[in-house]
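**Q** The structure that follows is given in the form of structure tokens.
The values are calculated or read from the model by the stated rules, or taken from the named source; none is laboratory data. None of these values were measured; they are calculated from a predicted model. Don't worry about glycine lacking a Cβ; one is built from the backbone with ideal geometry, like all the others, and counts go over all protein chains shown. Surface accessibility is based on the protein's heavy atoms, side chains included, excluding ligands, DNA and RNA. Shrake-Rupley method; radii C 1.70, N 1.55, O 1.52, S 1.80 Å.
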Amino acid sequence: MLGTCEKQPLSATSKMVHCKHLTIVLALLCVPPIVTLAQNADTAQNPPAPLGKLVDVGGYRVHLYCTGTGSPTVVIVGAGFSFNWGLVQPEVARFTQVCSYDHSGIGWSESGPKDSCSLRVSEVHTALKNAGIKGPYVLVGHSLGGLVARLYAGRYPEEVAGMVFVDHAFHPAFPTVAKVPPPATPPVTLAPGGGGGIESDQNFSKLSSRDRELHLWAMSQTRNQMALQANHEMMPECVAQADAIAKEHSHPLGDKPLVDVSTDEALGPDYVKLQTELLSLSQNSKQIIAEKSGHFVIIDRPDVVIDAISQVVQSVRNNSKL
């Protein structure tokens, strides 16, 4: 919209007349942003109805959205908004129960204590228990969510039946830190793992109009932007905790099925090394490369994510190798 408010070159004879007209046109063209700000303020006070339900996790509530039936239940943990999984969750719901969740401070979830990966593990565990969702679960973690899934498995190993990583968090400086640019200063939109938001992905339009509108509603709220910014701050602690678990056990997940979905972006040897480390977490693991996909595999190649989840679910049901 800003581009429409630029002044155009004027002839000397008509400059005064055009300037008057331009003032009126600029006023009209620049009204929408003002209206949008008013609408954003209104939606902050009157948010859209939650997709799922708010579940108490100890003094505050988080949003848990479960669809489908069957076991094992697939649980999407840890990083972004529940509605960002709109191309994946409905398809997974065709063959088993699947739950996504918004961690405290984002979406419909209420604010909780200072954010951390440990807190997110506790939130998911308590929300599932209080909602009556029985395990063991197949955990699915995108980006930072991969670290949350690993910490959940370390704390509650008997509650984890299998795992899927979707472009697990990464950065060359820290072998298992988020694969994102350095954090920007709010109110710049941030991705769940930091950096450019999912709405900047060329495939954002593939989400339903409902899910796109929900995402833009959420990101119009400063509260959500600040909460997502905190992902960068907690990263070193998350990495340290996950690495400690990996060092204690040669194969922390034993022979539980694990599928690691990575991208084919040219990210260098450190990224390749990370995939090897992730696959070593289980003796029953495999890697799937999502070709022609950026970080947001869940909208770039949702078919690959759905297939990975299906393979793990079938492995759990049949007690078989991947």
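**Q** Take the alpha-carbon centre of the range 242-270, take the same for the range 82-126, and report the distance between them in whole Å.
**A** Comparing the Cα centres of the range 242-270 and the range 82-126, I get a distance of 22 Å.
**Q** Right, another one. Evaluate 2.2 N^0.38 Å with N set to the residue count of the range 76-153, then give the Cα radius of gyration divided by it.
**A** In units of the 2.2 N^0.38 Å rule of thumb, it is 1.04.
**Q** How much of the pair distance distribution for the range 206-322 lies past 18 Å, counting alpha-carbon pairs only, in percent?
**A** Numbers: 4518 of 6786 pairs.
Tail fraction, whole percent: 67.
**Q** Leaving ligands, DNA and RNA out of it, work out the accessible area of ILE289 with a 1.4 Å probe and give it in Å² to the nearest 10.
**A** 90 Å²
**Q** Once ligands and nucleic acids are excluded and a 1.4 Å probe is used, how much of TYR65 is accessible, expressed in Å² to the nearest 10?
**A** 50 Å²
**Q** Residue farthest toward the positive end of the dipole of the range 225-322, with Cβ of Lys/Arg at +1 and Asp/Glu at -1: which of ASN284, ASN319, TYR271?
**A** Ranked along the dipole, the leading option is ASN319.
**Q** Note down the nm distance, to one decimal, between modelled labels 7 Å out along Cα→Cβ at SER200 and at LEU267.
**A** Modelled inter-label distance: 1.6 nm.
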